[in-house]
Amino acid sequence: MNPSSLAGSPPRRQFRRLAVPVLLAVSGWVVLGITAVGVPQEFRAVAVFAFALAAPGVALVRLLPLPDILERAVLSLALGMSLAALAAEAFAISHILRPDLVLVVLAAICSAAALAELAREVRVP
């Protein structure tokens, strides 16, 4: 998508194009906050699992020009699980395995990819 197409779009369409990257950029930090605050364990587990499974992969796959929705979905889940496993393994090897550190790494990856998408869409010609 080129930046000039964003300038001429209706405000509602602009909002939709920018809302998903912004939600992806903050989702990891919200989940990290949920784990830090005394939220019930069931809700916390669902939030962490959903974020770690999908959000980093979705944020990275949105940067790729893939037209097929099924291809994007499968690649998103595979990337999300792979990134979570790699982050956990890196901390386990270094003997500092803490779930909050794994979440910080995943949130940073997710935020960086989402901000890269925002920068690509909002870039001034």
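None of the figures in this text is laboratory data; all of them are computed from the coordinates on show. Fair warning: this is a prediction, and the values are worked out from it, not measured in the lab. Counting neighbours? That spans all protein chains shown, and the Cβs are built from the backbone with ideal geometry, glycine included.
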With a point put 7 Å past each Cα toward its Cβ, work out how far VAL104 is from ALA50 in nm, to one decimal. 2.5
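Given a Förster distance of 25 Å, report the FRET efficiency between LEU66 and ALA36 from their Cβ-Cβ distance, rounded to the nearest 0.05. Numbers along the way, then the final one.
Working: r = 35 Å, r/R0 = 1.39.
Given R0 = 25 Å and the Cβ-Cβ separation, E is 0.10.
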Angle in degrees between helix 41-61 and the longest Cα principal axis of the chain, rounded to the nearest 10: 40
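Around GLY80, what is the net charge, scoring Lys/Arg as +1 and Asp/Glu as -1 over all other residues with Cβ under 14 Å from its Cβ?
Working: positive: ARG62, ARG72; negative: none.
Residues near GLY80 contribute +2 overall.
In percent, what relative contact order does the chain have, based on Cα pairs under 8 Å that are 6 or more apart in sequence?
Details: 124 pairs, mean separation 51.5, N = 125.
Computed value for the chain: 41 percent relative contact order.
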